[in-house]
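See structure below.
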Amino acid sequence: MYLLVFLLIVPCVVGLDGQFSNIICSRTTELKTDNLPSQLLPKISYEITTRTTDWVTNKTAKLVEYFYDKDQTNIVTKSDVNGQQTWIINGSNVISFQGDKCYNETTNINPYNISSIMADFLGHNITSLSDIINAIINSKRFNLKGLNYTSVTAGVNTVGWVGCAFDVTGDNTTGVQVLVSFAGDHSFSLYNPTFKNPLVYNVHFYVFKESENDNSQSTILEHSSMDFVTMDIPDDLPKIRSLLLDGIYCENMTSTLLPFNFPSRFEASFQFTDSTGKTIDTVQLMFDQGNHIVAYSLDFSKDRDVPLVGTATLDSGIAKATIIHDFNYGLQYVLNRNAHVCHQSMPIDIKMGDVKVQNNTFSLKEPDELILGIASQEFYYAGKFDLQNLNVERYVSKKSLDNDEHIVIEVDLLPSEWSFDGNNGHLLHSVTQYHKNKNGEIRKTILRMSNFVNNTIIGTSWNKYNIEPCIETSENNLFYILLNKINMTGVRHSGYENVASSIVEAVAKAGNVSLLRVAHPLLKKYGDGVMAIFLLADKSKVSQPTKTVYFKEELSVDEVVANLNKTVSTSAISVSVMTEELKKIEFHITEFGILPDHYTPPAPTPHFQPGYSGSSMFILGLFMFIFAGVDFFNVQTCANLNIKMAKNLKSVSEKALQYVEKASRIRLQDLRDNPGARVSGRQVKKWHNQAGHTIGQLQRAAKPPLGWIWGDWFKPWQRVFPGEEHFNGDINLRREYIPISLLELQRMIDLRRLDTSRLIDIAGLCGTKLFAFRPEQRQFGIHLTGEGAEIFAAKINLEVQWADQTTIAAVERAGGRIRTAYYDLESLRAAVDPEKWFRSGKPIPPRKYPPHTLMPYYIDPNNRGYLAKPEDIAKSEQRLAEIVGYQRQVDPSDEENWQREQKNPKQVFLGLEPGSIVSLEDRKVFVPTHPVLTEYYNGEPLADHLR
């Protein structure tokens, strides 16, 4: 951005003392007639900061004016002791707002406080700087005018122009004087070539009264000035509008229709953001106006401001849910978020946001009112706005509520030249709501469209929407239909989902049944055609559905079957599918029937006794052919040949059988490596060292731990020099605990890598694949650190190997439980990779007691040791809560779950006893039953004697 600073705080006049405090206009004044330059303001867009002063009343004001040449729009913001007021001027259309009050101005405005005498003299509606300067330049009422003085303003030499007019009010004594200081062609050139001279620097307005006895003496009645302080290149107009008008509703605006319409059938997903509640959620919507069905899923506990919710509430305990409304039958189905579990079947709640209540009748709202929360004809056009560096066209409306509350609704549309998911024209970008209560508090929510699918031509994908979880299914409700004029190749070309959804609509129409009851369509090849199998759900058991304007009584399964049989027997049911290429394909349902509920197993296959293997029979046949062929080509007489063939056939069989019997299946001398299984070692050149490394490789190679000799990482130097006993003398015996912070643990829980409803131990943490534990390097488990303790908020049942008091307090303050438990190295090998351990066929090892050096830690209740007494741990928990300053209260249900999931000191895996062998292939667990094994695995734990 270019910046031109004039800093006209106090004009400095050189060569004309008191020029700005005296009247120099008189009827005897002689001036050389000179006109002002035709342009004193930039022709391009500008931002000018002006200080106005009324020298009679000693009042000042600051005005910032933005001018946009392309839009011919002026924005003037005035700040004075009375506050701030802004005008947006576009020709005769003027919008004025102050604070949160905005209205369409119908009277003339005067932002620069030009007096009435001066405004009448200039003969112009003074609303902007360009109006003022152009009125002075083009005025024909000056009796005298010309260049009269020079001055220096903020280091710039300026030229002074004086304009005088007498008898401006008809009393023969009142006159006006206008002084204009500007940088002329010979003034200093500006460093920025964007703005070029001549440029105005200040303007003074005087209204004076001449003396009746002496026309050369005058009295100042009014004196005001405008000093131009800074001149910039302005931000884009949409961005300035956004800074000024976000959340503002203007009164007396002209209403207009929104220039877009939602289609009659569509699916959309929105991102709902509550900036006050600091929540973000996804809202999904399916709308089918032709079939009068609506489905939407959201979080009803947090997304209350989504217009779909209306004023309705769900039963306690239901937060994230999918609502399906079938207006044809007046039914409402409440399922979980993924529509797999049914919560309720009930009449449509007329308080829901998609129900239109008019004259005690209930119908489906239009899609724009459903999403916007208000009819589209109640908006006015506010102009182009900047929204995250994207220019959008904004329409604004206002919805009044009870208790002096109201909602300002802003609808932002993408311009017509944009396309969204293949859709062109004005498209919805977002809907922003500003909830304002009587105390002036504002709550802002945003509903931003993230995906949109127009189903008007192709149709709704009904596979995703059915109410089968909410309705009981009886026997004999699985049916099939046969389709002709289409095969599976045609199904794949047309789209499996498109064909299945078209079949659902055709079956529902022919059977006079709800689309939602025709569930789970499955297509398979049947001869030269296609068979479709579907489930027909029973009718709902809701006794008094909502009587909508489209209401129909539900039919039973038998009545629907009768309708389908009647239709198929008289004429085939026609089905039409629109492909992705917008080609229409038609086929027919020619047969309808019911699938049996009972499965009849096929007849058992005959059992054959094994004989020779296939490879043995092949070798036998091969040798029979070779030996018979050799004897066949012996030159003999026909008689001898026949006799010889009989003997050879017998000998061939004997030879082949002898060869197969003597051949071994697998012998050690027959074993060979596969090609490429072994490679030769690295060749050591003369420029390599004894390990085959170059000097560059040595410099960049990984270095051994402190205390190791280079070249042999497995021989610590204290073994080479045994005289040094203490420096790293026990480095090979130290225990290492991998640090995991509470911040990392909270993040894994937020990302759902850990199940907080179950015990979280080292096996669960290793299952996230985010941490690697190596027991062979004497890594004995997890050290839970206190980083992130102030933000940890998960209620969990946790087992680690080491923790301090800060960490323990953070877990228990959040309502959770923590225990520290010891694992020997053999148990750790099983815990860090259970799948590898199970596949090895080894039994689960019994966990050992800690060695004597660690026993004090794990029996201390302050450390929450797993060998401490439960009653001592409970007292320690309360004591730590009092020290840190929080209330330790445990829900009895949580305590019961924790006790149920507590492992005994010998267990490695919860629910699996030591000594068990797990078969992943068979999905079985084998428990030892031999008395010796039972005593070993279930007896008193052994102590780990590792130091």
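Structure notes:
- Separation in nanometres of the label points that stand 7 Å from Cα toward Cβ, at I791 and N252: 5.1
- Compared with the direct C-alpha span, the chain from S543 to E581 gains 9.2 nm at full extension, assuming 0.36 nm per residue.
- Label-point gap, in nm, between S92 and F771 - each point 7 angstrom along Cα→Cβ: 7.5
- Over 25 Å (Cα to Cα) - which of K842/K906; K351/K398; K59/K384; K62/K239 fall in this group: K59/K384
- Added length on full extension, which subtracts the Cα-Cα distance from 0.36 nm per residue, A874 to L743: 44.6 nm
- Residues of the stretch 833-865 falling in the label zone of V932, defined by backbone nitrogen less than 12 Å from a point 7 Å along Cα to beta-carbon, are absent.
- Alpha carbon centroid spacing (whole Å) that separates the stretch 841-868 from the stretch 229-247: 68
- Whole-percent carbon and sulfur share, accessible surface of the stretch 240-357, 1.4 Å: 49
- Whole-angstrom gap from the stretch 465-512 to the stretch 871-930, using each part's C-alpha centre: 49
- Sequence-separation-based contact order of the stretch 226-312, relative, with Cα cut under 8 Å and 6+ spacing, percent: 17
- Ranked order, I796, I280 - accessible area, probe 1.4 Å, largest first: I280, I796
- The residues packed around K464, meaning those with a beta-carbon under 11 Å from its beta-carbon, carry a net charge of -2 if Lys and Arg are +1 and Asp and Glu are -1.
- Of the trypsin sites (Lys or Arg not before Pro) in the stretch 98-202, those whose Cβ has at most 11 other Cβ within 10 Å and which sit in DSSP loop: K140
- FRET efficiency, S316 to N565 (Cβ-Cβ, R0 60 Å, nearest 0.05): 0.85
- Sorted from greatest to least, the principal axis extents spanned by the alpha carbons of the stretch 470-511 come out as 35, 20, 17 Å.
- Pairwise Cα distances in the stretch 438-499 exceed 13 Å in 81 percent of cases.
- Entry comment: accessible area of the stretch 395-527 is 46 Å² per residue, from protein heavy atoms only and a probe of 1.4 Å.
- Stretchable slack from D281 to E654, in nm (0.36 nm times residue separation minus alpha-carbon distance): 126.1 nm
- Only protein heavy atoms count here; under a 1.4 Å probe, K356 has an accessible surface of about 70 Å².
- Cα-Cα over 22 Å, subset of K869/K903; K552/K583; K320/K539; K795/K903: K552/K583; K320/K539
- Where H520, H292, H223, H186 fall by accessible area, highest first, once all protein chains stay in place (1.4 Å): H186, H520, H292, H223
- Residue among Q801, P843, Q878 farthest towards the positive dipole end of the stretch 800-933, charges placed on Cβ: P843
- Amide H to amide H, with H built 1.01 Å from N, D860 comes under 5 Å of G865, counting only residues 5 or more places away or on other chains.
- Of the listed residues S255, S876, S264, the order by accessible area with a 1.4 Å probe, largest first, is S255, S264, S876.
- Cα-only Debye scattering, the stretch 296-409: base-10 log of I(q)/I(0) at q = 0.19 Å⁻¹: -1.08
- Label-to-label distance, nm, for residues given as D750 and K836 (7 Å Cα→Cβ offset): 3.2
- Selection of GluC sites (Glu not before Pro), the stretch 529-577, meeting DSSP coil and at most 10 other Cβ within 10 Å: E553
- Loop-resident chymotrypsin sites (Phe, Trp or Tyr not before Pro) (DSSP state other than H, G, I, E or B) in the stretch 506-602 with no more than 15 further Cβ atoms inside 10 Å of their Cβ: Y550, F551, Y599.
The values are calculated or read from the model by the stated rules, or taken from the named source; none is laboratory data. Since we're looking at a predicted model, the values are computed, not measured. Reconstructed Cβ throughout: ideal geometry from the backbone, glycine too, with neighbour counts over all protein chains shown. Note: accessible area is taken over every heavy atom of the protein model, side chains too, but ligands, DNA and RNA are not part of it. Shrake-Rupley method; radii C 1.70, N 1.55, O 1.52, S 1.80 Å.
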